[in-house]
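First comes the structure, then the notes that go with it.
The values are calculated or read from the model by the stated rules, or taken from the named source; none is laboratory data. This is a predicted model, so every value here is computed, not measured. Positions of Cβ are backbone-derived with ideal geometry, glycine not excepted, and every protein chain shown enters the neighbour counts. Accessible surface is based on the protein model in full, side chains and every heavy atom, while ligands, DNA and RNA are left aside. Shrake-Rupley method; radii C 1.70, N 1.55, O 1.52, S 1.80 Å.
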Amino acid sequence: MRYNLWMRILAIETSCDETAVCLLEAEGAFERDFRFRILGNALHSQAALHTEYGGVFPNLAKREHAKNLVPLLEEALRQAGELSHTESPTDPGIFLPLKQLLEREEELFKQLLAHALRYRTPVVDAIAVTTGPGLEPALWVGINFAKALSHLWSVPIVAVNHMEGHVVMPMMEHSDILENVRMSGKIRAFNFPLLTLLISGGHTELVLSKTFAEYQLIGETRDDAAGEAFDKVARLMDLPYPGGPEISRLAAEARAILGVPFDSKDSPWKLTPPMLRSGDYDFSFSGLKTEVRKLVEKHSPLSDDDKRRLALSVEETIAKVLIEKTLRAADEYGAMTLIVGGGVSANTRIRELLAGRVHEDATVEQLLTTSPQLATDNAVMIGLAGYFHALKGQYSAPQDIAAKGNLKLETAL
Ligand code: KG4
Ligand code: ZN
């Protein structure tokens, strides 16, 4: 049953190599009594396609998003019981504006037009779309799709910062339901100051918040992001993209099968934790990549056990820097809550180590993480962050919405 106060958000995410569409409904002030339900959630990962490039190839990502958006929209609407055939004839006047909005996406235009001619307008109050940061060609596809839907359904658009999605997702507790459909959840109780460690394919940042939607960047990577480091190291080791889960799997095997003590001083696979004592909260991972390249060259060809040992060393070294610096920052700023978000936060070892340290820490009361499935890119987090802004009336005129590859997290009170 749908109550009057529930707001329905259709969320679209295309910033990298995941195409995702989610229909959720939410109610309440975000800060206090916020609740949500996922009505439909469809996601397509392009990871397998990008494997041969060892990373995400922007134009391929863009084409794939354009191909998959309408099927994913229909899947999400079907799950929500919102995909029904239209009985009234569609106004032919929709043709031209849609064609103009999707002039660079011919296939997407054709698919959306066919959709509009077949199906009735679903019950949706706002469209939330990722406008950055990310790969601009990929972001544009989602944005143009959002503009076309906004025109078609006469609903406003909320522009969402992808990183805010990664911050907001771990704030939620939710039921554990397959594929996240029919999942319901609410905001957890926690105290500020809040320190968020954002670790993804493109970002490594420490962000301090004294209240909701207030973000102060206190540290970031000077070169490669943590996820990028995992991906690049994996490539050096001939492992498929994305590298994070692969390195993590091999590291787990090293612990289980080989029982390797990771930090034995004479291990040939030992790596230097970069910038551990730099005196600030910045990170750097490109040196680690160079160190790994040298090790790979020296020991080439690597046996399976060599790969396990090296993967263990990589995972432990990255985890160590991230955790040490985060806890140091938490103490300096008196953070009562710690969030870890972004794709790399799916890493079991990082979660385990962080949880152990937080347990011993004097100031931090709580560590918030989300399920591994929702730690990597998805549209649920975009819908949640979008609701927050929609509630405050922070809509954008379609002509003002543009892709911003380097969009920063900004305070929006
Ligand atoms: O947030 P995300 O899905 O996309 C971006 O916004 O970039 O993060 C993707 C990154 C990739 O670099 C991937 O290798 C990494 O997250 N990742 C992991 C794990 N799962 C995904 N890194 C380490 N361990 C994992 N289990
Ligand atoms: Zn992400």
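Any residue that is open to solvent by 60 Å² or more (accessible area, probe 1.4 Å), within 16 Å of ligand 1 (Cβ to nearest atom) and either modelled with pLDDT under 95 or part of a loop (DSSP other than H, G, I, E, B) (or both) - is there at least one of those in region 226-245? Walk me through how you get there before you give the answer.
Residues of region 226-245 open to solvent by 60 Å² or more (accessible area, probe 1.4 Å): 232, 235, 238, 245.
Now restrict to residues that are within 16 Å of ligand 1 (Cβ to nearest atom): 232, 235, 238, 245.
When the remaining residues are screened for being either modelled with pLDDT under 95 or part of a loop (DSSP other than H, G, I, E, B) (or both), the result is 238.
Yes, that holds for at least one residue.
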Margin query: List pairs: first residue in region 191-202 and more than 14 Å from residue 169 (Cα to Cα), second residue open to solvent by 10 Å² or more (accessible area, probe 1.4 Å) and aliphatic (A, V, I, L, M) anywhere in the structure, Cβ distance under 6 angstrom, at least six positions apart or on different chains.
Written below: 191/336
Next item on the list: Among residues belonging to region 18-37 that are of a type outside the set (S, T, N, Q), at pLDDT 95 or above and touching a helix residue (DSSP H, G or I) at 6+ places or on another chain (Cβ under 6 Å), point out the one that is nearest to residue 132 (Cα to Cα).
Entry: 21
Item checked: Neighbours by Cβ (under 6 Å, 6+ apart or cross-chain): first from region 370-386, farther than 14 Å from residue 42 by Cβ; second not in a helix (DSSP H, G or I) -> 385/160; 386/9; 386/11; 386/128; 386/158; 386/160
Note to self: Go through region 44-98 and report how many residues are part of a loop (DSSP other than H, G, I, E, B), modelled with pLDDT under 90 and among the polar types (S, T, N, Q).
What the structure shows: 3
Notebook entry, point to check: Based on what the data block shows, is residue 169 within 16 Å of ligand 2 (Cβ to nearest atom) and either more than 24 Å from residue 62 (Cα to Cα) or at pLDDT below 95 (or both)?
Noted result: yes
Margin query: From the list 228, 220, exactly one residue is within 16 Å of ligand 2 (Cβ to nearest atom), among the charged types (D, E, K, R) and more than 17 Å from residue 316 (Cα to Cα). Which is it?
Written below: 220
Note to self: Looking at the structure I just gave you, is residue 405 at pLDDT 95 or above, within 23 Å of residue 143 (Cα to Cα), assigned to a helix (DSSP H, G or I) and open to solvent by less than 30 Å² (accessible area, probe 1.4 Å)?
What the structure shows: no
Next item on the list: From (1) out of contact with any Pro (no Cβ under 9 Å at 6 or more places or on another chain); (2) hydroxyl-bearing (Ser, Thr, Tyr); (3) at pLDDT 95 or above, pick out the condition that doesn't hold for residue 363.
Entry: (3)
Check: What are the pairs, 6+ residues apart or on separate chains, where a residue within region 235-247 that is over 18 Å from residue 319 (Cβ atoms) and more than 15 Å from ligand 2 (Cβ to nearest atom) has its Cβ under 6 Å from a residue that is among the β-branched types (Val, Ile, Thr) and open to solvent by less than 30 Å² (accessible area, probe 1.4 Å)?
Finding: 236/292; 236/296
Margin query: Can you tell me how many residues within region 103-136 are within 22 Å of residue 23 (Cα to Cα) and more than 16 Å from ligand 2 (Cβ to nearest atom)?
Written below: 19
Notebook entry, point to check: Restricting the first residue to region 322-339 and requiring it to be within 22 Å of residue 226 (Cα to Cα) and in contact (Cβ under 8 Å) with a residue 12 or more places away in the chain, which pairs with a second residue that is basic (Lys, Arg) and open to solvent by 30 Å² or more (accessible area, probe 1.4 Å) meet a Cβ separation below 8 Å and a spacing of at least six or different chains?
Noted result: 323/357; 327/357
Item checked: Subset of region 34-60 [more than 21 Å from residue 71 (Cβ to Cβ) and in contact (Cβ under 8 Å) with a residue 24 or more places away in the chain] -> 34, 35, 36, 37, 51, 53, 54, 55, 58
Notebook entry, point to check: Limited to region 1-40, what total is found for residues that are open to solvent by 20 Å² or more (accessible area, probe 1.4 Å) and more than 16 Å from ligand 2 (Cβ to nearest atom)?
Noted result: 15
Check: Taking region 201-212 as the search range and keeping residues that are more than 17 Å from the chain's Cα centre (by Cα) and of a type outside the set (Val, Ile, Thr), which one is nearest to ligand 2 (Cβ to nearest atom)?
Finding: 209
